[in-house]
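Below is one structure, written out as structure tokens; comments come after it.
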Amino acid sequence: MKTLFLFAAILFSVILYSQDTMRVVNHYNDGQIYDSFMRNSVGEKEGAYVQYSRFGKKYISGQYNNGVPFGTWNYYSADTSGRLVQTLDFDSHKEVFVDSIRVPALICGPRFFGGRIAQNEYIARRIKSDFTKEEREAYRNRPFIVSFSIDHQTLKVVGVSVDDKDLQDAFKNKLLAIVSEMPSWLPPVCKDKNEVWRFSVAIVL
């Protein structure tokens, strides 16, 4: 499901501390709440998460366990109706509900499980776990473009490649592994499922 990137419109955050946790409330520049969640003692999202549209309607809701989504997540339309368009079960990795009329208007082709936010969070977790501190410092803020395709039968990532040919093999293999080991994508809700779907992601250390 396509996720809108609205971070540039966020002007300020309100952070409330409570022993080992803190509540974070981000706002749009007009004062409306963008999202609300808790961070645990190691800085990861914990417990209930809610994101709102510019119309003040619930846009995304779910639960985190130490920065990892779990349980049932609901995704709503970004318009004034705030209508439910998708429900995902992160425990079983299944799409419980999808509004086949509205979702095609947002994206065609295979969909990353949980949308762009979940994809970015997955990549961030892998960067943190797979690369050393020295590697992250040496390549800080340098984007590496990783291209890949989605197999229309298995919905898994295939044909992964990195544009930068001058990287050392060990470093390059870490980039390839992050994308190669992505969880299976959701099937397309429009167009021919046999079409070859090509994607790319920018991995920034």
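Annotation note: of SER200, SER184, the sole residue that is surrounded by fewer than 16 Cβ atoms within 10 Å (Cβ to Cβ), within 15 Å of the chain's Cα centre (by Cα) and part of a loop (DSSP other than H, G, I, E, B) is SER184. Considering segment 51-140, the qualifying strands (runs of 3 or more DSSP E), each wholly inside and each with 2 or more residues that are within 17 Å of the chain's Cα centre (by Cα) and either surrounded by 20 or more Cβ atoms within 10 Å (Cβ to Cβ) or of a type in the set (S, T, N, Q) (or both), run over 58-65, 68-76, 84-89. Annotation: of all residues in segment 20-43 being in contact with a helix residue (DSSP H, G or I) (Cβ under 9 Å, 6 or more places away or on another chain) and in a loop (DSSP other than H, G, I, E, B), the one that is surrounded by the fewest Cβ atoms within 10 Å (Cβ to Cβ) is ASP30. Just one of the listed residues (ASP192, ASP163) is modelled with pLDDT under 95, surrounded by fewer than 16 Cβ atoms within 10 Å (Cβ to Cβ) and touching a strand residue (DSSP E or B) at 6+ places or on another chain (Cβ under 6 Å), and it is ASP163.
The values are calculated or read from the model by the stated rules, or taken from the named source; none is laboratory data. Note that this is a predicted model, so its numbers are computed, not measured. As a convention, Cβ positions derive from the backbone with ideal geometry for all residues, glycine included, and neighbour counts pool all protein chains shown.
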